[in-house]
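The values are calculated or read from the model by the stated rules, or taken from the named source; none is laboratory data. Everything quoted here is computed from the prediction, not taken from an experiment. We work out accessible area using only protein heavy atoms, side chains counted, and drop any ligands, DNA or RNA first. Shrake-Rupley method; radii C 1.70, N 1.55, O 1.52, S 1.80 Å.
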Amino acid sequence: MHHALSRLDRLLLEWLHQHSTPAGVTLFLFISRLGAPEALIAIGIIGAMLLVARREWIVLGGWSAAFAGTALIDHWLKLAVHRPRPIYATTFLHNPTWSFPSGHAMWAVVGYGMLTYVIVLLRRPSRQARNLIVAAATLLVLAIGASRLYLGVHYFTDVAGGYLAGLIWLATCILAVELARRWQPLPQLHPKS
């Protein structure tokens, strides 16, 4: 199984490299920036400020845990696995870190996943609008993963690993928020005297 995945990684890397174009590189560089940890940390800070303003303390806790946890999990997994980057990574990365997992893929799943969850939770859009929001976030996350492959800075299994780690952490954070919201005591009604 390991050899089959390694072979798939190399074949896909070479195929994408041979079929890349300057226009494709420009497009995927832009898409890739949308999944950069710096971009998602900015979204995290803005979102946290909005949640503080709305006094959504439980959601804020889950939101903060999601972003902080992503940084820690990504860093820990890279150090634990120590997988070198593909040979084409130096074209776009001046100080490359380890390759597994794709931090962009992981950050995109957690960051845009939490953003989608919070919008749906707090804005309560119609079913059609909710489906559109979820579809747009999903397409963006997939495009960010594809950008990392197209640019040759990650292998397919790096992106898949980033998605998997991100999904597990996202689900954990959302479950924690949902449980905390259910256990939250109801406001006490004071009888009229």
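Apply the Karplus parameterisation 6.51 cos²θ - 1.76 cosθ + 1.60, with θ equal to phi minus 60°, to every residue of the stretch 100-105 and state each ³J(HN,Hα) to the nearest whole Hz, in sequence, with x for glycine and proline.
9, x, 5, x, 4, 5
Ignoring any ligand, DNA or RNA, what whole percent of the accessible area of the chain comes from carbon and sulfur when the probe is 1.4 angstrom?
Details: 8210 of 11810 Å².
Accessible surface attributable to carbon and sulfur in the chain totals 69 percent.
Before anything else, pin down the relative contact order of the chain: Cα pairs under 8 Å, at least 6 apart, normalised by residue count, whole percent. Don't skip to the answer; put the middle values down first.
Details: 213 pairs, mean separation 64.2, N = 193.
Computed over the chain, the figure is 33 percent.
For the stretch 149-166, in order, what is each residue's ³J(HN,Hα) by Karplus, 6.51 cos²θ - 1.76 cosθ + 1.60 with θ = phi - 60°, in whole Hz (x at glycine and Pro)?
Karplus-based 3J(HN,Hα) across the stretch 149-166 equals 6, 4, 6, x, 9, 9, 8, 4, 5, 5, 5, 4, x, x, 4, 5, 4, x Hz.
Report the Rg/Rh value for the stretch 26-113, based on alpha-carbon coordinates and the Kirkwood definition of Rh. It would help to have the intermediate numbers written out before the result.
On the way: Rg = 14.9 Å, Rh = 14.2 Å.
Radius of gyration relative to Kirkwood radius: 1.05.
Mean projection of the alpha-carbon convex hull of the chain over all orientations, in nm²?
Numbers: hull surface 56.1 nm².
The directionally averaged projection comes out at 14.0 nm².
Give the accessible surface of the chain per residue, rounded to a whole number of Å², with probe radius 1.4 Å and ligands, DNA and RNA excluded.
Values: 11810 Å² over 193 residues.
Per residue, the chain has 61 Å² of solvent-accessible surface.
Expressed as a whole number of Å, what is the distance separating the alpha-carbon centroids of the stretch 1-56 and the stretch 114-149?
15
Taking amide hydrogens as modeled 1.01 Å from N in the peptide plane, which residues meet the under 5 Å criterion relative to S102, leaving out close sequence neighbours?
Those lying under 5 Å, H to H, from S102 are V159, G161, G162.
Using a 1.4 angstrom probe and counting only protein chains, how large is the accessible area of T91 in Å², to 10?
Surface open to solvent at T91 totals about 90 Å².
Per-residue HN-Hα couplings for the stretch 132-145, Karplus 6.51 cos²θ - 1.76 cosθ + 1.60 at θ = phi - 60°, whole Hz, x for Gly and Pro?
So the Karplus estimates, Gly and Pro as x, are 5, 5, 5, 5, 5, 5, 4, 4, 5, 4, 5, 5, 5, x Hz.
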